[in-house]
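Reading through the structure tokens given below for one structure.
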Amino acid sequence: MARAQSHEDRTERYAAGGAEAARDERAIQATIDKTDKIARQDEKAPQTGARKYPVPPLPEQHQAKPGSEAKLDPQPMFDAPYYKGSEKLKGKVAIVTGGDSGIGRSVAVLFAREGADVAILYLDEHSDAKVTQAAVEKEGRKCITIAGDVAEAAFVVTPWKK
Amino acid sequence: MEKVVETFGRLDILVNNAAFQEHVNALEDLTEDHFDRTIKTNLYGYFHMAKAAVPHLKEGAAIVNTGSVTGLLGNKDLLDYSMTKGGIHAFTRSLATHLLPRGIRVNAVAPGPVWTPLNPADKDVKRVARFGSDTPMKRPAQPEEIAPAYVFLASSACSSYITGEILPIIGGYSGG
């Protein structure tokens, strides 16, 4: 008899504990709810770089393939003025495919800043490739540009004759 | 390849980066020609370049491939492109171990949204305008925020014990 009573007592105590925990949870929630409105206002893009970078909305635009860096607005930031070279690639020679623009252009420039000569392979964006070439040469390194399709085995592997 | 080696007398670093990307709104819109083009540039291109470069590469050389966040997480509109990028990641890992006995390291950078001609030459005007805003950084990367990782992975002064890695540069993680 005493055992059964003790079982009921425990059941009640657990139920009361559950109700108390739920009240505590709602109290925590109420405090956070008040901060949500403030947090939502603080959703601007963080600037983590050595210089400020553009944030959407960016200008609406569309390009024909393969795309031209010269026509992009705003102009992609590729020259990393705060990046100082320290001969990490001194005397090396690198090939960068798609090196006329975008990530490839920036890679070509930083490789040159680190002491490498660079060959740029690109599809047919000749004016973009010239800009990359000039940027590499500005770093004091040599740059050649070669137009062609890397998907074509013959372009990549055929022995070159002057 | 021959022209490069003839001009400079050597080759130390190959960066496979050239890519084709064109979204589709429905799987049924993905034509054979479109699918072929993506695979030709993004996979055959990397394969051809690696095959042609390796005979010229000496101990201490490095290959750095451009992968993509889409090859890690998938992308609902870039079915073919994300497939090639996942392939590039696997190729990077396999080729790394394959070439290690020759002292050649192979790694990949997997960028998130980057402000380059690739995306405005793919996406419609509205999507270009909000490009990158879904990342925790709430903006696209600029190329100069990605390029230092290529220096790091190309330089034996920085990464001599690193090979077969895929380095995501995607502006942070969000569990949805």
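The values are calculated or read from the model by the stated rules, or taken from the named source; none is laboratory data. For clarity, every value in this text was computed on a predicted model and none was experimentally measured. All Cβ positions, glycine included, derive from the backbone under ideal geometry; neighbour counts span all protein chains shown.
So here's what we get for this one:
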quantity	calculated
Residue check for A:S106: at the interface with chain B (Cβ under 8 Å from one of its Cβ atoms) and either touching a residue at least 60 places away in the same chain (Cβ under 8 Å) or more than 20 Å from B:N65 (Cα to Cα) (or both)	no
Answer residue from the range B:150-170, given it is facing another protein chain (nearest Cβ under 9 Å) and of a type outside the set (S, T, Y) and is surrounded by the most Cβ atoms within 10 Å (Cβ to Cβ) among those	B:A154
Matching residues, the range A:46-86, being in contact (Cβ under 8 Å) with a residue 60 or more places away in the chain and of a type in the set (A, V, I, L, M, F, W, C)	A:A70
Candidate set: the range B:117-149, residues that are assigned to a loop (DSSP other than H, G, I, E, B) and more than 7 Å from chain A (Cβ to nearest Cβ); chosen: the one farthest from A:P57 (Cα to Cα)	B:D122
Filter result (in contact with a Ser or Thr (Cβ under 7 Å, 6 or more places away or on another chain) and either among the aromatic types (F, W, Y) or more than 7 Å from every other protein chain (Cβ to nearest Cβ) (or both)) within the range A:76-98	A:F78
Filter result for the condition that a residue is exposed (fewer than 10 other Cβ atoms within 10 Å of the Cβ) and either touching a strand residue (DSSP E or B) at 6+ places or on another chain (Cβ under 9 Å) or modelled with pLDDT under 95 (or both), over A:Q5, A:Q63	A:Q5
In the range A:124-158, the residues that are facing another protein chain (nearest Cβ under 7 Å) and farther than 18 Å from B:G9 by Cα	A:V150, A:A151, A:A153
Residue in the range B:39-46 that is in contact with a strand residue (DSSP E or B) (Cβ under 6 Å, 6 or more places away or on another chain), touching a residue at least 40 places away in the same chain (Cβ under 8 Å), buried (at least 19 other Cβ atoms within 10 Å of the Cβ) and of a type in the set (F, W, Y) present	yes
In the range B:1-38, residue farthest from the other protein chains (Cβ to nearest Cβ) [restricted to those that are surrounded by fewer than 18 Cβ atoms within 10 Å (Cβ to Cβ) and under 21 Å from B:F91 (Cα atoms)]	B:F35
Complete set of residues in the range A:109-120 that are more than 7 Å from chain B (Cβ to nearest Cβ) and closer than 20 Å to A:D149 by Cα	A:V118, A:I120
Residue list for the range A:70-104, restricted to those being under 17 Å from the mean Cα position of the chain (by Cα), surrounded by fewer than 24 Cβ atoms within 10 Å (Cβ to Cβ) and within 23 Å of B:D124 (Cα to Cα)	A:P74, A:Q75, A:P76, A:M77
Any chance A:L72 is aliphatic (A, V, I, L, M), within 8 Å of chain B (Cβ to nearest Cβ) and touching a strand residue (DSSP E or B) at 6+ places or on another chain (Cβ under 8 Å)	no
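A quick yes/no check of all residues on (1) in contact with a Leu (Cβ under 7 Å, 6 or more places away or on another chain); (2) among the β-branched types (V, I, T); (3) surrounded by fewer than 19 Cβ atoms within 10 Å (Cβ to Cβ):
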| site | (1), (2), (3) |
| --- | --- |
| A:G115 | yes, no, yes |
| A:V118 | no, yes, no |
| A:D124 | no, no, yes |
| A:K130 | no, no, yes |
| A:Q133 | no, no, no |
| A:E137 | no, no, yes |
| A:C143 | no, no, no |
| A:V150 | yes, yes, no |
| A:T158 | no, yes, yes |
